[in-house]
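Enquirer: Quick one: structure below, then a few questions.
The values are calculated or read from the model by the stated rules, or taken from the named source; none is laboratory data. Owing to the predicted nature of the structure, the values given are computational and were not obtained by experimental measurement. Cβ atoms come from the backbone with ideal geometry, glycine included; neighbour counts cover every protein chain shown. Keep in mind that these areas ignore ligands, DNA and RNA; they rest on the heavy atoms of the full protein, side chains included. Shrake-Rupley method; radii C 1.70, N 1.55, O 1.52, S 1.80 Å.
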Amino acid sequence: MQYYNKMLETAPRHEMKALQSYNLSRTVRRIYENVPLYRRRMDEAGVKPEHIKSIDDLHLLPFTVKQDLRDTYPYGLFAVPMDQVVRLHASSGTTGKQIVVGYTENDIKMWAQCVARSLCAIGATKKDFIQISYGYGLFTGGLGLHYGAELLGAAVIPTSTGNTARQIQILRDFGSTIICSTPSYALYIIDCLKESGIPLSELKLRAGFFGAEPWTDNMRKQIEAGLNIKAYDIYGLSEITGPGVSFDCECQNGLHVNEDHFVPEIINPDTLEVLPDGEKGELVFTCITKEAFPLIRYRTRDIASITHEPCSCGRTLVRMSKPQGRSDDMLIIRGVNVFPSQIESVLLGIGETSPHYMLIVDRVNNTDTLEIQVELSREMFSSDSVKHLQELEASIRSKIDSTLGISAKVTFVEPKTLARTEGKAKRVIDKRVLI
């Protein structure tokens, strides 16, 4: 078994706890002094930095939610002067305001070390050729894996996403041994590989690191069979740092959290009570070493569980389960975060349909699909011309594409076709079966 930092990855629990406690107290003091929102929240809760002496005091601190990031857009939660920030990443801004995250030089080094640690855990070495088929740019996936793989000393092949025929050519011609992408894109590559007639024996692939969207163990088996590799899970989110927050090891027995940097908690999303090991609830992270953007008790909305049981790999880092859903109504479609309220906003903004709609999400040929069923008003249904309806359909599709960054099929349905409820409206039918 190989480690990138054996001392930290196999540290006794009391040593890890001491390290976390030291870094937490330092971080809390820093955010109290530099981030007005945190100072106000702590004052309201009657908590001062000197009250946080140990990781056991974490529960005293207020939670952070995504709306806080929007309300302080773009730099209101930064804890350092902007001249210390060396890189910015951001969400797609599909909800109107982007989520902007920043990194100091030390943050970038820490992030790269987390990813290098993750790659090392799946057996990667500097002899590997790592093809990174995540998107580059403001999205954290591509550059996150890139810097970690370079730090490890591997040969990085930054193909980014798309142009699958070329991806396959590079897999074969460049001798890629590890591929990093979303799991759904890996399945698409498998389909294209079959169509190309290129036998697996011509590839040198032996492992893949997949994340940025939910996937199951059955999907893992499908990828492993389709590419003749071991498929591993890597978890992260931009708000915390990007990929490398947690990672599979070669035992594939849960994702080890880089808890010397990110402390996980599981809470009941309704009562906010901290839950014990093994119980499923909402995953919360606290950044204890980040300088530019250290979020405290950030509610990810991902549903998971954690365990401190020893792993066969020898690592003592706490493990989390694969995320098993969300505590809010967010959908992840082709790697893009989509809220039904965004669709509603587009429809109401155009203003030529009734306010009733339904989202049908499916997975066809390993690619997520989105159909938006929109109810016509009785007046439009009885009087509008076919040409006008075609123009309206095209307008909605175009607006959805530009707003969300994904394509969708728009289907008009007759008045009063969509079910009404007296309670909370059901806006989504998710037919995806992650097999």
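Enquirer: Checking Arg70 against (1) of a type outside the set (Gly, Ala, Ser); (2) buried (at least 20 other Cβ atoms within 10 Å of the Cβ); (3) in contact with a Ser or Thr (Cβ under 8 Å, 6 or more places away or on another chain), which test does it fail?
Expert: Every listed condition holds for Arg70 apart from (2).
Enquirer: Pairs under 8 Å by beta carbon, first residue of a type in the set (Ser, Thr, Tyr) in segment 193-208, partner open to solvent by less than 60 Å² (accessible area, probe 1.4 Å), six or more apart or different chains?
Expert: If the second residue must be open to solvent by less than 60 Å² (accessible area, probe 1.4 Å), the pairs left are Ser196/Ile168.
Enquirer: When you scan segment 396-403, do you find a residue that is closer than 25 Å to Ala186 by Cβ and without any contact (Cβ under 8 Å) to a residue 40 or more places away in the chain, even just one?
Expert: yes
Enquirer: Quick check on segment 335-350. Is at least one of its residues among the small types (Gly, Ala, Ser), in contact with a Leu (Cβ under 9 Å, 6 or more places away or on another chain) and free of Cβ contacts under 8 Å to residues at least 60 places away in the same chain?
Expert: Scanning segment 335-350, I find no residue that is among the small types (Gly, Ala, Ser), in contact with a Leu (Cβ under 9 Å, 6 or more places away or on another chain) and free of Cβ contacts under 8 Å to residues at least 60 places away in the same chain, so the answer is no.
Enquirer: Among the numbered criteria (1) of a type in the set (A, V, I, L, M); (2) at pLDDT 95 or above; (3) open to solvent by 10 Å² or more (accessible area, probe 1.4 Å), which one does Ala292 miss?
Expert: Ala292 satisfies every listed condition except (3).
Enquirer: Ok, one more. Is one or more of the residues making up segment 264-284 buried (at least 20 other Cβ atoms within 10 Å of the Cβ), of a type in the set (A, V, I, L, M, F, W, C) and under 23 Å from Cys180 (Cα atoms)?
Expert: No, that holds for no residue.
Enquirer: Let me ask something else about it. Enumerate the pairs (first residue in segment 261-277 and in contact (Cβ under 8 Å) with a residue 40 or more places away in the chain and assigned to a loop (DSSP other than H, G, I, E, B); second residue anywhere and open to solvent by 20 Å² or more (accessible area, probe 1.4 Å) and aliphatic (A, V, I, L, M)) with beta-carbon separation below 9 Å, excluding pairs fewer than 6 apart on the same chain, so at least 6 apart or on different chains.
Expert: So the pair list comes out as Pro269/Ile303.
Enquirer: Let me ask another. What's the total number of residues in segment 370-411 that are part of a strand (DSSP E or B), open to solvent by 30 Å² or more (accessible area, probe 1.4 Å) and among the charged types (D, E, K, R)?
Expert: So the count comes out to 2.
Enquirer: Could you list, in sequence order, the residues of segment 233-256 that are within 17 Å of Gln2 (Cα to Cα) and either surrounded by fewer than 22 Cβ atoms within 10 Å (Cβ to Cβ) or of a type in the set (A, V, I, L, M, F, W, C) (or both)?
Expert: Phe247, Cys249, Glu250, Cys251, Gln252, Asn253, Leu255
Enquirer: In this structure, does Gly142 turn out to be within 18 Å of the chain's Cα centre (by Cα), under 19 Å from Thr125 (Cβ atoms) and not basic (Lys, Arg)?
Expert: no
Enquirer: Okay, next question. Please pick out the residue among Thr140, Thr104 that is hydroxyl-bearing (Ser, Thr, Tyr), touching a residue at least 60 places away in the same chain (Cβ under 8 Å), in contact with an Asp or Glu (Cβ under 6 Å, 6 or more places away or on another chain) and farther than 15 Å from Tyr232 by Cα.
Expert: Result: Thr104 is the single residue among Thr140, Thr104 that is hydroxyl-bearing (Ser, Thr, Tyr), touching a residue at least 60 places away in the same chain (Cβ under 8 Å), in contact with an Asp or Glu (Cβ under 6 Å, 6 or more places away or on another chain) and farther than 15 Å from Tyr232 by Cα.
Enquirer: Being touching a residue at least 60 places away in the same chain (Cβ under 8 Å), part of a helix (DSSP H, G or I) and not hydrophobic (A, V, I, L, M, F, W, C) is the filter here; which residues of segment 5-20 pass it? Can you show your working first?
Expert: So in segment 5-20, the residues touching a residue at least 60 places away in the same chain (Cβ under 8 Å) come out as 5, 8-13, 16, 19-20.
Then keep just the ones that are part of a helix (DSSP H, G or I); that gives 8-9, 13, 16, 19-20.
Across segment 5-20, the qualifying residues are Glu9, Arg13, Gln20.
Enquirer: How about segment 75-106: which of its residues are of a type in the set (A, V, I, L, M), modelled with pLDDT of 95 or more and not in a loop (DSSP other than H, G, I, E, B)?
Expert: Selection gives Met82, Val85, Val86, Leu88, Val100, Val101.
Enquirer: Another question about this same structure. State which residue pairs qualify: first residue touching a residue at least 12 places away in the same chain (Cβ under 8 Å) and under 23 Å from Pro81 (Cβ atoms) and inside segment 27-50, second residue assigned to a helix (DSSP H, G or I) and of a type in the set (Gly, Ala, Ser) in any location, beta carbons under 9 Å apart, and separation of 6 or more residues or different chains.
Expert: Pairs that qualify, where the first residue is touching a residue at least 12 places away in the same chain (Cβ under 8 Å) and under 23 Å from Pro81 (Cβ atoms) and the partner is assigned to a helix (DSSP H, G or I) and of a type in the set (Gly, Ala, Ser), are Pro49/Ser25.
Enquirer: Let me ask something else. Do we have any residue at all in segment 46-61 that's of a type in the set (Gly, Ala, Ser) and either touching an Asp or Glu at 6+ places or on another chain (Cβ under 6 Å) or at pLDDT below 95 (or both)?
Expert: Taking every residue of segment 46-61 in turn, none turns out to be of a type in the set (Gly, Ala, Ser) and either touching an Asp or Glu at 6+ places or on another chain (Cβ under 6 Å) or at pLDDT below 95 (or both).
Enquirer: Also, quick follow-up: Please list, ordered by residue number, the strands (runs of 3 or more DSSP E) wholly in segment 142-221 having 3 or more residues that are open to solvent by 10 Å² or more (accessible area, probe 1.4 Å).
Expert: Per the criteria, 155-157.
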